[in-house]
């Protein structure tokens with residue numbers, strides 16, 4: 001299947017089963033086509049973004065002991081994963097002349113996001129919840145789909161949202177375990193392992209699209225932070241607990257980790273004051 005065809009299907013099809021269908025056979029990139037931009041992904045009526053905060057919040061703690069609340073959690077998380085896939089599809093359509101290796105790697109990651117969505121939906125359905133039973137927001141899309149070039153995409157989705165999920169995926173795995181849901185915990189741990197590779201992709205390709213100046217005072221952290229716009233800031237790339245091992249596995253340097261930790265601490269101090 002052509003990458004452009006997969007991206008168009010994910011972004012422009014309003015049929016969820018069709019959006020989430022994995023490609024048959026290897027992905028090719030012989031006909032990337034012309035650049036295409038869209039304002040919003042196509043979705044069925046029940047899954048269109050609602051911009052007011054009137055949807056359910058992600059249940060945590062003892063609330064997850066309730067089967068129905070676990071269904072809500074997986075519904076919310078499935079929407080997050082689908083938005084990530086839709087943003088990636090938008091990148092593939094917007095930059096048909098990007099390096100072939102970048103497009104191939106991004107296509108593989110997009111397939112990971114579709115698989116993550118299906119995993120969450122399977123758990124939601126096991127809890128009696130169907131996709132579309134609850135209002136969904138478009139936070140990930142609004143934050144990550146405003147990219148002007150490949151580097152801006154890399155700065156936000158892989159290096160803010162997916163980096164944050166290095167923490168949150170294991171936090172949620174522990175919560176599902178504590179609630180007596182080992183299958184839900186297993187989903188989160190599988191996603192965590194994939195996120196390490198996704199963050200590594202972001203770091204590696206940002207270094208190619210926007211390398212730190214040779215001999216300058218700035219480094220890869222400074223390049224990344226300088227390209228972020230509100231509300232996306234370095235501190236948003238950290239969950240409730242700052243985990244170094246997965247970040248090191250993704251290729252973050254000691255200097256990057258030190259600056260990220262300081263940014264997260266400063267943001268926490270500011271919100272507490």
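Using the Cβ-Cβ distance between residue 18 and residue 193 with R0 = 30 Å, the FRET efficiency computed as 1/(1 + (r/R0)^6) comes to roughly 0.65. Here the peptides 27-34, 132-139, 57-64, 193-200 are ranked by packing, the mean other Cβ count within 10 Å, and the order with the highest first is 193-200, 132-139, 57-64, 27-34.
Size descriptors for the range 51-107 (Cα atoms only): Rg and Dmax, in that order, 16.8, 49 Å.
Building the convex hull from the alpha-carbon atoms of the chain and averaging its projection over directions returns 14.8 nm².
With a simple spin-label model that places each label point 7 Å from the Cα along the Cα-to-Cβ direction, the separation between residue 31 and residue 183 comes to 4.1 nm. Distance distribution P(r), the range 51-185, all Cα-Cα pairs, bin width 10 angstrom from 0: 12, 40, 32, 14, 2 percent. Considering the range 119-270, its Cα convex hull presents a mean projected area of 10.3 nm².
Every number in this text was worked out from the coordinates using simple rules, so none of it is lab data. Bear in mind the structure is a predicted one, so any value in this text is a computation, not a measurement. Cβ coordinates were reconstructed from backbone atoms using ideal geometry, including for glycine residues, and neighbour counts include every protein chain displayed.
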